[in-house]
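Asker: Here it is, the structure, as structure tokens.
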Amino acid sequence: MVCGVYICAICLKQTSNNTKAKFLKFQVINQARPSFGIEPWEIPYVHYPKPKTHNREECVCNGVRYFAILSMQRSGSGWFETLLNSHINVSSNGEIFSIGNRRNNISSILSTMDKVYNLDWFSSASKNECLAAVGFKWMLNQGLMEHHKDIVKYFKNKGVSAIFLFRRNLLRRMISVLANSYDRDAKLLNGTHKSHVHSTEEAQILAKYKPTVNATLLLPDLKEAEEIITKALEYFKSTRHIVLYYEDLINNQTKLKDVQEFLRLPYRDLSSRQVKIHGGNLSKQVGNWDDVQKALKGTSYEGMLHADYQM
């Protein structure tokens, strides 16, 4: 009887307190949308941008991955980017930091990246609503190395994945740089300069020019390029990244599948309209081939004289 009375008293007290309770105010916090089918480790790399310039409409719940292609001039990055952009769910917005004022200081660099990753950047590659991945191309000599600490921090905080793309044969890259530099002034294609072409005829015209390599500076120039690549890989080793080589992409089509897997994209056959300008033996592409051979004979770069591939 005593227990019954006690329990009854407790219940009445609780009921009395509840009748005096007021409604509580709850603050709704914007959280990431449910990530169905996404592994726990992926969550920091899946984003739901809210662009200021347009409405994502029915795609608002589509998760977007952020990426940046980190490369050097004449390493196949333009061709590689066209491959990525042939994927219906990818927007890679070109070499955005080729414009000097966008890389004047770290503030301008970060604000430019914010605009890209918020889907407020418009280019010919933009597919701003139903995207699975968005990014751009960034050359190592465009402020990337100078501000690497802040950029690494940004990549890690924002969940940006880095795609490194280099050439194994740095001699071929150097020859391509010299030829492209010459055409920038000579404008061999009807008075216009083109870094990339889409027809065999245009490629043949540009390939007729055979640059002369400074044999005295050849070895230190190759070493310098190699050191820059090593530094970049060291600087960004703590970020989520993948390292690709131009020659491997050409010779092994499964590498393109690896890239799509890295970006967690639905698999597609990727294609490009670009036509290779310099192909075949290097001896036919250089004006002073004998000097180049002598400069590299007996060095660790000698193998680059004969390394070849098909495209």
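Asker: With Asn288, Asn281 as the choices, which residue is open to solvent by 40 Å² or more (accessible area, probe 1.4 Å) and closer than 16 Å to Ser176 by Cα?
Answerer: Asn281
Asker: All but one of (1) small (Gly, Ala, Ser); (2) under 23 Å from Leu265 (Cα atoms); (3) at pLDDT below 50 hold for Ala68, so report the exception by its number.
Answerer: Failed condition: (3).
Asker: Sort out which residues of the stretch 52-77 are part of a loop (DSSP other than H, G, I, E, B) and either open to solvent by less than 20 Å² (accessible area, probe 1.4 Å) or in contact with a strand residue (DSSP E or B) (Cβ under 8 Å, 6 or more places away or on another chain) (or both), and write them in order of number.
Answerer: Once the filter is applied, which keeps residues that are part of a loop (DSSP other than H, G, I, E, B) and either open to solvent by less than 20 Å² (accessible area, probe 1.4 Å) or in contact with a strand residue (DSSP E or B) (Cβ under 8 Å, 6 or more places away or on another chain) (or both), the stretch 52-77 yields Arg56, Gly63, Met72, Gln73, Ser75, Gly76.
Asker: Six or more apart or on different chains, Cβ atoms under 6 Å: show the pairs whose first residue is in the stretch 165-190 and assigned to a helix (DSSP H, G or I) and whose second is basic (Lys, Arg) and crowded, with 20+ Cβ neighbours inside 10 Å.
Answerer: Here the result reads Arg173/Arg74; Arg173/Arg167; Ser176/Arg74; Val177/Arg74, each pair linking the stretch 165-190 to a residue that is basic (Lys, Arg) and crowded, with 20+ Cβ neighbours inside 10 Å.
Asker: Something else about it: So which residues in the stretch 171-190 are in contact with a helix residue (DSSP H, G or I) (Cβ under 7 Å, 6 or more places away or on another chain), surrounded by fewer than 20 Cβ atoms within 10 Å (Cβ to Cβ) and more than 11 Å from Pro211 (Cβ to Cβ), if there are any at all?
Answerer: Matches in the stretch 171-190: Leu188, Leu189.
Asker: Still on this structure, please answer the following. Condition check: loosely packed, with under 12 Cβ neighbours inside 10 Å, under 18 Å from Leu70 (Cβ atoms), without any contact (Cβ under 8 Å) to a residue 40 or more places away in the chain and out of contact with any Asp or Glu (no Cβ under 7 Å at 6 or more places or on another chain). Does Glu201 satisfy that?
Answerer: Taking the combined requirement at face value, the residue does not satisfy it.
Asker: Among Leu218, Leu296, which is open to solvent by less than 60 Å² (accessible area, probe 1.4 Å), among the hydrophobic types (A, V, I, L, M, F, W, C), in contact with an Asp or Glu (Cβ under 6 Å, 6 or more places away or on another chain) and touching a residue at least 60 places away in the same chain (Cβ under 8 Å)?
Answerer: Leu296
Asker: Just a yes or no: is a residue in the stretch 245-256 buried (at least 16 other Cβ atoms within 10 Å of the Cβ), in contact with a Gly (Cβ under 6 Å, 6 or more places away or on another chain) and farther than 25 Å from Val64 by Cα?
Answerer: yes
The values are calculated or read from the model by the stated rules, or taken from the named source; none is laboratory data. Remember, predicted model here, so these are calculated numbers, not experimental data. Virtual Cβ from ideal backbone geometry, glycine too; neighbours counted across all protein chains shown. Areas reflect the complete protein model, heavy atoms only, side chains present, ligands, DNA and RNA absent. Shrake-Rupley method; radii C 1.70, N 1.55, O 1.52, S 1.80 Å.
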